[in-house]
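Each remark here refers to the structure printed beneath this line.
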Amino acid sequence: MLKFDNSYARLPERFFTRMQAQPVSAPSLLKLNDNLAAEIGLDADWLRSEQGVAMLAGNALPEGADPLAQVYAGHQFGGWSPRLGDGRALLLGEIAGADGSHWDIQLKGSGPTPYSRAGDGRAWLGPVLREYIISEAMAALGVPTTRALAAVSTGDIVLREDRFPGAILTRVASSHVRVGTFQYFASQQDSDGVRTLLNFAIARHYPQLQADDAIGFLTAVVEAQAALVAKWMGLGFIHGVMNTDNCHVGGLTIDYGPCAFMDAYNPAKVFSSIDQFGRYAYGAQPEILVWNLAQLASSLLPLIDDDMDKAVEAAQAALHMFGPAYTARWQDVFFAKVGLAEGGDAEITLVQDLLTRMSENQADFTLTFRGLADGGARDQFVDPTAFDEWAAAWRQNSPDTDLMNATNPAFIPRNHQIELAIKEAVEGNLSRVNRLNTVLSTPFVAQTEHADLMAAPQTQELVHQTFCGT
């Protein structure tokens, strides 16, 4: 039996709305993450039971659950939305580990809330499986992320551009506090609310800090986000909706909507159907992150110093740390990708030259870097001599093959494979979903029997746009 605590529910009631999930007609377990269940101390057999599935569907509540929808605000594609919040999710509670860790358990797609903004609060099978596959792949790739514990079908139909089978994702995270959560209380001129949230976030994510240490907190978030986006860049990952309400103060990847991994390298690449101007393109992600962090800094100013000029000066100093922190992390990631343990200006130029040549030659991002260790990178170039010219200088550095193989995945969640898996799942066949999950759990291992999942898409298989599930 699962026992919950819910420390967020002990915050002032203006932080959330208590409510129940909307029951579903015929819940059925689609996927259960046994490894994650064991990691956070849950009984997988109980989760598979009738009681467990009822909880995962929102039809029943275990002991200690205190379901609530969190309120937050945010800038969405640069436009201010003063009140957003969990429009289709409920935080059931949290599990406290023996080591002091906390794991929020949230149902995503559990029905409408006061923050649904006329939406139905539901999710259909496609986005649920998409987030399940990609978030678990990101965890295996070593990227800080929310996790997927389970996916259930609801037995109900969800209306989008067509009629789709409904589903609910059980999401696990160390918290669900966002930059937009701070923005909400700051925009309400609720300094007590900002302070309460600050101390909650410090206790949850940065316990090395003292209470009320707003500038220490801002600095820690800057460093965590710099490390996170560098990992994204090293994998060719495009989040797609880097709104401030999707920017996690603990440095996690959160809210897998129209996200995707690049095939051919293109720094201007956008997948999201709603990002018409490329605000959240691959190459724009570090700059946008600084913009998001500036909104966090603005929210914290009254807590940084009573003298506003001093507060602004301290906040700007913290924000200016992003550039050096990101550059250092980016270099760590990309030096390792080309087999170098360290480097300087010459090695930076070497990496940037490779990326330029990849862009000019439509080289597949993942296969090029993986192919550096086994000789396959040259095959990714329209003009192989462009690679040969670069490789002559690169080989003089005696690159480390083991380092490259440990850094460059053989397998990523290929967009066309996910779309095919979703299509088959809608038809009742989960075999491709299961296979993807299995292969992506060890993405750095060369699994030759699954070579088709490594391959770049054919022209007719290319996915040009991805979509939110709302």
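Checked against the criterion of being assigned to a loop (DSSP other than H, G, I, E, B), surrounded by fewer than 24 Cβ atoms within 10 Å (Cβ to Cβ) and at pLDDT below 95, the candidates 142, 100 yield just one match: 100. Remark: pairs (first residue in the stretch 41-55, farther than 19 Å from residue 96 by Cβ and of a type in the set (Gly, Ala, Ser); second residue open to solvent by 20 Å² or more (accessible area, probe 1.4 Å) and part of a loop (DSSP other than H, G, I, E, B); Cβ separation under 6 Å; 6+ apart in sequence or on different chains) = 54/60. Look at the stretch 272-292: where a residue is without any contact (Cβ under 8 Å) to a residue 12 or more places away in the chain and a partner is in a loop (DSSP other than H, G, I, E, B) and not hydrophobic (A, V, I, L, M, F, W, C), sitting 6+ places away or on another chain with Cβ atoms under 7 Å, you get 284/278. Within the stretch 1-38, the set of residues being assigned to a helix (DSSP H, G or I) and charged (D, E, K, R) comprises 10, 13, 14, 34.
With respect to the conditions (1) within 24 Å of the chain's Cα centre (by Cα); (2) over 30 Å from residue 426 (Cβ atoms); (3) open to solvent by less than 50 Å² (accessible area, probe 1.4 Å), residue 169 lacks only one, and its number is (2). Residues of the stretch 106-124 that are assigned to a strand (DSSP E or B), open to solvent by 10 Å² or more (accessible area, probe 1.4 Å) and over 18 Å from residue 74 (Cβ atoms): 122, 124.
Residue under question is residue 28, and the condition is that it be among the polar types (S, T, N, Q), touching a residue at least 12 places away in the same chain (Cβ under 8 Å) and over 29 Å from residue 157 (Cβ atoms); does it hold? Judged against the criteria, residue 28 is not a match. Going by the conditions given, is residue 22 open to solvent by 40 Å² or more (accessible area, probe 1.4 Å) and of a type in the set (S, T, N, Q)? It is true that residue 22 is open to solvent by 40 Å² or more (accessible area, probe 1.4 Å) and of a type in the set (S, T, N, Q). Residue-level check: of (1) in a loop (DSSP other than H, G, I, E, B); (2) surrounded by fewer than 15 Cβ atoms within 10 Å (Cβ to Cβ); (3) at pLDDT 95 or above; (4) within 26 Å of the chain's Cα centre (by Cα), residue 41 misses just (3).
Scanning the stretch 48-60 for residues that are farther than 23 Å from residue 19 by Cβ and either in contact with a His (Cβ under 7 Å, 6 or more places away or on another chain) or assigned to a helix (DSSP H, G or I) (or both) yields 48, 50. Between a first residue in the stretch 182-211 that is over 15 Å from residue 11 (Cβ atoms) and a second residue that is outside any helix (DSSP H, G or I), which pairs have beta carbons less than 7 Å apart while being 6 or more apart in sequence or on different chains? Filtered contacts from the stretch 182-211: 183/73; 183/74; 187/73; 187/82; 205/174; 205/175; 205/249; 205/250. Of the candidates 240, 278, 257, the single residue that is more than 19 Å from residue 227 (Cβ to Cβ), open to solvent by less than 10 Å² (accessible area, probe 1.4 Å), part of a loop (DSSP other than H, G, I, E, B) and not aromatic (Phe, Trp, Tyr) is 240. On the basis of being more than 22 Å from the chain's Cα centre (by Cα), modelled with pLDDT under 95 and either at positive phi or of a type in the set (Gly, Ala, Ser) (or both), does residue 65 make the cut? Here the answer is yes, as residue 65 does meet what is asked. Filtering 117, 171 for residues that are of a type in the set (Lys, Arg) and within 23 Å of residue 54 (Cα to Cα) leaves a single hit, 171. Among the residues of the stretch 148-159, the one identified as open to solvent by 40 Å² or more (accessible area, probe 1.4 Å) and out of contact with any Gly (no Cβ under 8 Å at 6 or more places or on another chain) is 159.
Mind checking whether some residue in the stretch 45-55 is modelled with pLDDT of 95 or more, over 20 Å from the mean Cα position of the chain (by Cα), open to solvent by 20 Å² or more (accessible area, probe 1.4 Å) and among the acidic types (Asp, Glu)? Looking through the stretch 45-55, at least one residue is modelled with pLDDT of 95 or more, over 20 Å from the mean Cα position of the chain (by Cα), open to solvent by 20 Å² or more (accessible area, probe 1.4 Å) and among the acidic types (Asp, Glu).
The values are calculated or read from the model by the stated rules, or taken from the named source; none is laboratory data. Since the model is a prediction, treat every value here as computed from it, not as a measurement. As a convention, Cβ positions derive from the backbone with ideal geometry for all residues, glycine included, and neighbour counts pool all protein chains shown. Heads up: the accessible areas ignore ligands, DNA and RNA and are worked out on the full protein's heavy atoms, side chains in. Shrake-Rupley method; radii C 1.70, N 1.55, O 1.52, S 1.80 Å.
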